[in-house]
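The structure under discussion appears below in the form of structure tokens.
Derivation of every value follows stated rules applied to the coordinates shown; laboratory data play no part. Because the structure is predicted, anything quoted here is derived from the model rather than measured. When we count neighbours, we look across all protein chains shown, and the Cβ atoms used for this are built from the backbone with ideal geometry, even at glycine.
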Amino acid sequence: MGIGFMNEFALGFSVAALVKGAAVTLLVTTGASIVAIVLGLVVGLVRVSTLAPLRWLAVAYIEFFRGTSMLVQLYWWFFVLPIFGLSLSPWTVAIVGVGMNVSGYGAELVRAAIQSVDRGQYEASTALNFPRLTMMRRIIVPQAIRGMLPPWGNLLIELLKGTSLIFFITITELTTASKLAADATGNYLLFFAVALFGYYLIARAIITPLVRWLERRFSRGFIREVVA
Amino acid sequence: MSIWDWEYVWEAMPYLLQGAIVTVQATFLGFAIALVLGLVFALIRQSQNRIVSGTMAEIVEFIRSTPLLLQIFFVYFVGPQFGIVIPAWTAGIGMLGIHYAAYCSECYRAGIENVDGGQWEACTALNLSTARAWRVIILPQAIPPIVPSLGNYFIGMFKDTPILAAIAILEMLQRAKNFGAENYRYIEAITMAGALYLLFSLVASVIVQMISLWLNRRYHLQ
Amino acid sequence: MSDPMVRFENVTKRYGALTVLDQLNLDIERNEKVSIIGPSGSGKTTVLRMLMTLERINDGVIWVDGEPLTHMDRNGTLVKASERHLRRVRGKIGMVFQHFNLFPHMTALQNCMEAPVSVLGLPRDEAESRAAELLDMVGLADKKGHFPIQMSGGQKQRVAIARALAMRPKVMLFDEVTSALDPELVGEVLNVIRQLGAEHDLTMLMVTHQMGFAREFSDRVCFFYGGKIAEQGPPDKLFNDPDSDRTRQFLSAVLEAG
């Protein structure tokens, strides 16, 4: 009886921990997504700048963040930066570290989308005498956004999965929580299956529909709409 | 105490290289699994049976939307709960391979769907068997164009190997971290590990480009 | 005599080892309508693209309205034009493309308003009424709110003409503007160009394969061959009694094709 009570107690406790872990994962995913999107856009735009030195900086940024492993980067933020007197909280490391890693990939998506906009659009903009920045802002980027949304959807799912790596730096997100709960109760199948399904749900019930919705919003003029 | 000490670099190096061997082994083994299993997944997805292809699509989707770390935990820890003990190395490499097989199957699919539909019609007209059509006509056209994207997953897998540390496989990054913890100095070991990842990524991408060029020439594609 | 509207002075254009235009000299007078014809690869489209600054020139000077376009005057010598100079002089030129190049994410009206607002700095309501007027002129008053994908090729090309006119250019360039159109839609676009020529003070330079239209509409026809002007003159002379054998061969080949 005592054991049964303990088990139930542990189970209830573990479920609560799992829910909290899921909330942490959502929070870190949201924060890191914002970091990744903002930095990805900025670096991607610098990558197609007309100034060569700026372009090189962007290339270095992209190669660095894509070339080294995400976990190496997290460790660097977490273990190495304190040597320079910069101690970041695990939360900052999680959000900035995951976000900056993904921004390297994001910048490449931005570059590819911008460069795939039809050459005729650049020529028409020159013929209409647009300054370069206006051309990018009003003509090129709005068209590029539509093309880059589907790959961004995949990238944000990669980001979600990447947040599981903060298992290694002491924040109890969904993966860590499920491991702790499974260790505590001995029921690995249950807790890992629930956690796997949790990620699947976040990816397919939140991220994918959100990106689809954005795609619809940005597809104005690209899909033949019913004319009222 | 200086910020960067070469003494520690030389001290950590043999330690890191030992880990690098594990990392490279894991990558090659895992990727071999991914290439073969990915093709199997892709071919199952091409099945005429809606239920079979649909189920395969869902499985691929599920594998791609959940973290590798959790998948490895699942394989490694759930077995013993039912009395089946899977060694860490088997569980780790196996899951690494299955995870990337899901990605590779999407590459294969894109390659297969890009082969001109007329090729299938020509195979039918020449009365080739389906198996032979796949092997001699379709796949030789489908695979060379997707070598660059398969190569990206190869590099991606390499960068995912540190996850194996979670089930006590001592690969390069884990060794770097242990070295850091023992000496109370993380900067050299972790930075060197990062540099080795970067070096490998750059070298691998050059090799992938070369393979891709060679295959395209071999099969007289663009 | 006043300066010509456009002057090509010894203009050379090369792509690597290939010389596309060789020491081109060509003057176009104010309000003159000039057609450029010739086989593909003769450099005729390059002439328009250089004038629109879409291609750099390797040698020579292009003048527009009495001032250098590709260069600028610094203490009596011509130096390579700065971006600022280029933008100022380029404002006198408008261009219509073979493949329309409309902005797909904007309606017909927005396509015609964007540049006047963000380049010329016109207030929105003024730009809008100007755009509406121009769309009315090209016969598309009822398509203002349509996106390019909702329009036929002929309609798109008419929007493109209105869009170029909204910048009040002095020179209009037409680069094979009917080549991408289905045959039955060619007429509506040519009609708009005809009307433009009749009602506006515009210098017009067009590359075209529509020999009938070139003959009826232009003041002068230039036949390009191998990066040079092989022959030029009034359309009646060039089409009926060409001096050069090359011209004769080209014309008979085109006429044979129908």
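How many angstrom separate the Cα center of the range B:196-222 from the Cα center of the range C:92-117?
42 Å
Given H placed on each backbone N at 1.01 Å, which residues far from residue C:122 in sequence or on other chains put an amide H within less than 5 Å of it?
C:117
Considering chain C as a Gaussian network with a 10 Å cut-off on Cα pairs, which listed residue, C:14, C:74, C:87, attains the greatest mean-square fluctuation?
In this elastic network of chain C, the residue with the biggest mean-square fluctuation among C:14, C:74, C:87 is C:74.
Enumerate the aspartates and glutamates that residue A:20 could reach by cross-link, defined here as Cα to Cα under 13 Å, with residues fewer than 8 away along the same chain left out.
The reachable aspartates and glutamates, counting only those whose Cα sits under 13 Å from residue A:20, are A:173.
Among B:87, B:144, B:162, which one shows the highest mean-square fluctuation when chain B is modelled as a Gaussian network with alpha-carbon springs under 10 Å?
B:87
For C:135-148, what's the mean count of beta carbons from other chains sitting within 10 Å of each residue's beta carbon? Spell out each step's value before the answer.
Details: counts 0, 0, 0, 0, 0, 0, 0, 0, 0, 0, 2, 3, 7, 2.
Partner Cβ neighbours, averaged per residue: 1.
Enumerate the helices in chain A for which the Kyte-Doolittle hydropathy averages -1.0 or more and the C-alpha atoms extend at least 24 Å along the helix's axis, using complete DSSP H runs. Spell out each step's value before the answer.
Numbers: long enough: A:2-47 (64 Å, 1.72); A:98-115 (26 Å, 0.55); A:141-162 (29 Å, 0.46).
Helix filter hits for chain A: A:2-47, A:98-115, A:141-162.
Divide, for the range C:170-258, the radius of gyration over alpha carbons by 2.2 N^0.38 Å, where N is the residue count. Please list the in-between numbers first.
On the way: Rg = 13.5 Å, N = 89, 2.2 N^0.38 = 12.1 Å.
Compared with the compact-globule rule of thumb, the range C:170-258 sits at 1.12.
Quick one: go through the range A:175-192 and flag any residue whose amide nitrogen is under 15 Å from the point 7 Å out along the Cα-to-Cβ line of residue A:20.
Under cut-off, by backbone N: A:175-182, A:184.
Can you give me the span-like helices of chain B, meaning DSSP H runs with 27 Å or more of Cα extent along the axis and Kyte-Doolittle mean at or above -0.5? The partial results should precede the final answer.
Working: long enough: B:6-45 (54 Å, 1.38); B:88-114 (39 Å, 0.26); B:187-218 (46 Å, 1.31).
Answer set is B:6-45, B:88-114, B:187-218.
Sorted by mean Cβ packing within 10 Å, highest first, what order do the peptides B:135-142, C:206-213, C:46-53, B:121-128 take?
Values: B:135-142: 16.4, C:206-213: 19.0, C:46-53: 22.6, B:121-128: 11.9.
For the peptides B:135-142, C:206-213, C:46-53, B:121-128, the packing ranking is C:46-53, C:206-213, B:135-142, B:121-128.
Give C:44/C:237; C:33/C:144; C:13/C:237; C:33/C:170; C:13/C:33; C:33/C:143 a once-over and call out the pairs whose C-alpha atoms are over 22 Å from each other. Before the final figure, lay out the partial values.
On the way: C:44/C:237 20 Å; C:33/C:144 29 Å; C:13/C:237 29 Å; C:33/C:170 12 Å; C:13/C:33 24 Å; C:33/C:143 29 Å.
With Cα atoms farther than 22 Å apart: C:33/C:144; C:13/C:237; C:13/C:33; C:33/C:143.
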